[in-house]
Amino acid sequence: DGSMVIIGGGLAAAKTVEALRDKGFDGAITVLAAEAHLPYERPPLSKDLLAGKAEPAALYPFDADWYARHRVDVHTGVRATKIDRAGRFVLTDQGSAVHYDKLVLATGSRPRPFPGDPEVAYLRTLDDAQALRARLGEGKSLLIVGAGWIGLEVAATARAAGTQVTVLEPQPLPLVKILGESIAELIADLHRRHGVHLHLGTGVAGIDVGDAPGGRVRADDGTVYEADTVLVGIGAIPEVGLAEAAGLAVSNGVDVDAGLATSDPNIFAVGDIANHDHPVLGRLRVEHWATALHQPAVAAANLLGHHEQYTRLPYFYTDQYEFGMEYRGHASGEDRVVIRGDTDTLDFLAFWLDADHRVLAGMNVNRWDDGDDIAALIAAGTPVDPDALADPAVRLDTL
Ligand code: FAD
């Protein structure tokens with residue numbers, strides 16, 4: 001049956017293992033996971049876990065017993081350092097060499113460091129989240145550089161804990177490049193209403209970390225902000241070093257075909273690092289939970305000799321205060337936005353349309369029954385009447 005090796009310790013690694021066993025693979029499975037933990041899910045790191053409402057145990061899709069029962073050898077705290085494609089083995093930082101017949105890369109992302117690499121806080125791992133959690137609360141201050149998804153979620157969680165929160169964002173509105181002005185404005189208002197000191201159009205010129213990870217942040221307008229904790233959330237970088245050194249095709253991530261194979265047919269890539277040739281949407285790398293959740297089943301099928309393509313639409317969700325939403329599809333802030341429902345009460349749908357009125361993406365805010373209809377509208381790829389789309393009296397499944 002051969003042997004499968006998976007490099008990575010996130011959701012994509014865990015789901016790859018599960019899919020291989022589900023589909024009947026009976027051979028050896030080895031997982032090399034650099035963190036000290038079994039593979040776990042990250043979304044709660046900025047939400048319930050950071051708020052103290054969830055325990056770390058809730059983050060693991062499978063526990064040690066599950067891996068043992070499924071005869072999976074998980075090596076935590078072991079980092080793969082080199083892939084030898086000719087000899088088909090992986091070298092590790094423990095000095096071991098692990099043979100593979102087929103290899104899956106699920107190495108995920110790391111936070112983009114602030115220039116000069118000051119000793120600020122980042123949020124990517126369970127350890128990061130637990131350290132940050134201890135720094136939130138009444139009488140404490142947090143300065144967040146970057147109003148992206150993670151920065152905003154942390155702002156919301158930190159405010160709920162009574163922390164004084166300041167956010168600096170160089171763009172004129174948070175997430176404006178993705179969501180467009182109207183929705184970005186609504187998100188900015190939401191955070192202001194909850195007491196976040198949100199400074200938009202404000203870049204950071206420098207960070208002096210005094211009592212790390214606290215310090216002084218100098219904005220490019222000369223203002224100096226001081227906080228007990230400085231958290232930088234300016235994006236993530238895919239961990240493609242291993243793939244690159246092994247001579248695999250790498251561009252914006254590890255290039256994979258529609259079935260998630262890399263340029264080496266014995267090596268697949270899934271999750272955050274996969275720069276996927278999406279059969280409908282074209283080349284796409286998606287740094288979201290649902291991709292790590294669903295790509296592995298397709299990769300596993302193909303590793304076992306099937307011919308499947310990954311065709312799902314990107315999917316993302318967030319929770320910030322009373323704003324809970326799901327987003328499907330792939331659009332940009334430049335696309336036309338159509339709103340259906342009431343933005344004041346945060347009970348609405350938003351759609352992003354191309355010039356021909358085709359639905360590229362849809363968001364449901366605090367409504368949970370419209371997901372399938374939204375996905376169907378995007379998948380149909382046919383023009384819709386924007387007025388009908390905006391009219392709650394017109395059923396979505398009749399458009
Ligand atoms: P990762 O989860 O990054 O896991 C990769 C693992 O591989 C890491 O443990 C890493 O240490 C390990 N690794 C890397 N290199 C090596 C090596 N050489 N050897 C061995 N191991 C290695 N997405 C959403 O859709 N919704 C959300 O609400 C959401 N919230 C998030 C909140 C936070 C705080 C973060 C950080 C992310 C969030 N995401 C969210 C994104 C989502 O978590 C990622 O898309 C997902 O984790 C990707 O899974 P992955 O398995 O590809 O990679």
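Structure values in brief
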{"item": "Summed side-chain charge close to Gly139 - residues other than Gly139 whose Cβ falls under 15 Å, Lys, Arg +1, Asp, Glu -1", "result": "0"}
{"item": "Three-way shape call for the stretch 221-279 based on the alpha-carbon gyration tensor, with the a/c threshold at 1.5", "result": "prolate"}
{"item": "Under-5 Å amide H pairs with Arg283, H placed in peptide plane, nonlocal only", "result": "His278"}
{"item": "In order through the stretch 331-344: 3J(HN,Hα) via Karplus (6.51 cos²θ - 1.76 cosθ + 1.60), integer Hz, x for Gly, Pro", "result": "9, 10, x, 7, 6, 5, 9, 10, 9, 10, x, 10, 6, 4"}
{"item": "For Arg193, Arg21, order by how many other beta-carbon atoms lie within 10 Å, fewest first", "result": "Arg193, Arg21"}
{"item": "Residue-by-residue Karplus 3J(HN,Hα) for the stretch 240-250, coefficients 6.51, -1.76, 1.60, Hz, glycine and proline x", "result": "10, x, 4, 5, 5, 5, 7, x, 6, 5, 10"}
{"item": "Helix-only mean residue ellipticity at 222 nm for the chain, each DSSP H run of n ≥ 4 adding -39500 (n - 2.57), per residue, nearest 500", "result": "-6500 deg cm²/dmol"}
{"item": "Vicinal HN-Hα couplings computed from phi for the stretch 20-32 (Karplus, 6.51 cos²θ - 1.76 cosθ + 1.60; Hz; Gly/Pro x)", "result": "4, 6, 4, 8, x, 5, 10, x, 6, 10, 10, 10, 10"}
{"item": "Long-range amide H partners of Val167 with built H, under 5 Å", "result": "Ile144, His197, Leu198, His199"}
{"item": "Three-way shape label, the stretch 1-84, alpha-carbon gyration tensor, a/c 1.5", "result": "prolate"}
{"item": "Built amide H within the under 5 Å cut-off of Gly206, gap 5+", "result": "Arg218"}
{"item": "Distance cut-off 33 Å, percentage of C-alpha pairs in the chain lying past it", "result": "37"}
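None of the figures in this text is laboratory data; all of them are computed from the coordinates on show. This one's a predicted model, so the numbers in the text were calculated from it and none came from an experiment. So basically every Cβ, Gly included, is an ideal-geometry build from the backbone, and we count neighbours across all protein chains shown.
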